[in-house]
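Notes follow the structure.
The values are calculated or read from the model by the stated rules, or taken from the named source; none is laboratory data. Quick caveat: nothing in here was measured; it's all calculated off a predicted structure. Here the Cβ is made from the backbone with ideal geometry for all residues, glycine too, and neighbour counts use every protein chain on show.
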Amino acid sequence: MSKINIGGQAVIEGVMMRAPRSMAIAVRRPSGEIVVKKDEVIPLSERFPVVKLPIIRGAVALFSSLIIGITALNFSANEAMAEEEKEEGKKDISSWAMAGTMAVAFGFGILLFFILPLYLTKLLVPIIGDSNIVFNLVDGVIRVAVFILYIFSISRMNDIQRVFQYHGAEHKSIFAFEAGEDLTVENVRKYSCLHPRCGTSFLLIVMLVSILVFSLIPKLWPFYLKAGSRVVLLPLIAGLSYEILKWSAKHDHLPIVKLLISPGLALQRLTTREPDDSQLEVAIRSMEEALEVNAGYKDDRLVV
């Protein structure tokens, strides 16, 4: 089982763990009970071999992770709802409502991190000149700055800080599993909250890769074409970023790779918090359930 790549996601009062052929979501209810939802997940590559190809597999992994993430968030939101709220007649959040919320959030993210930097850079052209290289560098710096500022801002929210604690619990549990240790609170507690395969690092890589990809867009195109092309190029950027993340995870023992991944690890200091033992218990439970459903299947896929 130690050869299985496993990843996860922090959710509301819980953790979702993903193994190559399974998914498990563990959530602690207000009563203290841990509830679990687990399913077998058949890799798309078994039905569509083209999904195994580099670049394509990264783009597919991103969108499949979004779908699974919606399921996990929907389950956790409903289970973490206080019993008194349910008694007062508040209905569970439907999958469609959560999907709609995620769609709006995804659209907001595109506007904030891709369209806004383009617009601000366009306004700066009289100052920075019309060099395509300078334009894309300034655009990239603004994009990364907006991303870091956004992460810093939400990290100050109390509710988000609890999610970030579960994020830390997820990472610690994965480290313990990768080290071949028994999944106990005592063993898991000693590991770091910062993991090289974290989605936070992936997003930072996306921001940096986009600088190179967007430099291919002709500078004479009107604003609306440049903005639209950025949306169209997102799957390519996700695919390239995935390959970089996968490569760095396999070679993180090399000094040069340690240097390259250090910004992503530093950013994780904003998106993770030290968890308490009860949160570690939830992360461990989620991993154990995912591994049980996975039933010993092994491959070398990276789960983001």
Q: Name, by its number, the condition in (1) modelled with pLDDT of 90 or more; (2) exposed (fewer than 14 other Cβ atoms within 10 Å of the Cβ) that does not hold for ASN158.
A: (1)
Q. ALA295 is checked against (1) more than 20 Å from TYR191 (Cβ to Cβ); (2) at pLDDT 90 or above; (3) among the aliphatic types (A, V, I, L, M) and fails just one. What number does that condition carry?
A. (2)
**Q.** Members of segment 272-281 found to be surrounded by fewer than 24 Cβ atoms within 10 Å (Cβ to Cβ) and part of a helix (DSSP H, G or I), listed by number
**A.** ASP277, SER278, GLU281
Q | Members of segment 129-142 that are more than 29 Å from the chain's Cα centre (by Cα) and either exposed (fewer than 14 other Cβ atoms within 10 Å of the Cβ) or polar (S, T, N, Q) (or both) | A | GLY129, ASP130, SER131, ASN132, ILE133
(Q) Condition (residue is at pLDDT below 90, farther than 23 Å from PRO235 by Cα, part of a helix (DSSP H, G or I) and hydroxyl-bearing (Ser, Thr, Tyr)) applied to segment 88-109: is it met by at least one residue? (A) yes
Q.
On the basis of being within 19 Å of VAL293 (Cβ to Cβ) and at pLDDT 85 or above, does ILE68 make the cut?
A. yes
Q: Specify which of the listed residues (VAL146, VAL163, VAL188) is surrounded by 15 or more Cβ atoms within 10 Å (Cβ to Cβ), touching a strand residue (DSSP E or B) at 6+ places or on another chain (Cβ under 6 Å) and either modelled with pLDDT under 90 or β-branched (Val, Ile, Thr) (or both).
A: VAL163
Q) Can you name every residue in segment 221-244 that is surrounded by fewer than 12 Cβ atoms within 10 Å (Cβ to Cβ) and either outside any loop (DSSP other than H, G, I, E, B) or of a type in the set (Lys, Arg) (or both)? A) PHE223, TYR224, VAL232
Q) Taking GLY168 and the conditions (1) touching a helix residue (DSSP H, G or I) at 6+ places or on another chain (Cβ under 6 Å); (2) at pLDDT 95 or above; (3) among the small types (Gly, Ala, Ser), which numbered condition does it fall short on, given that it satisfies the others? A) (1)
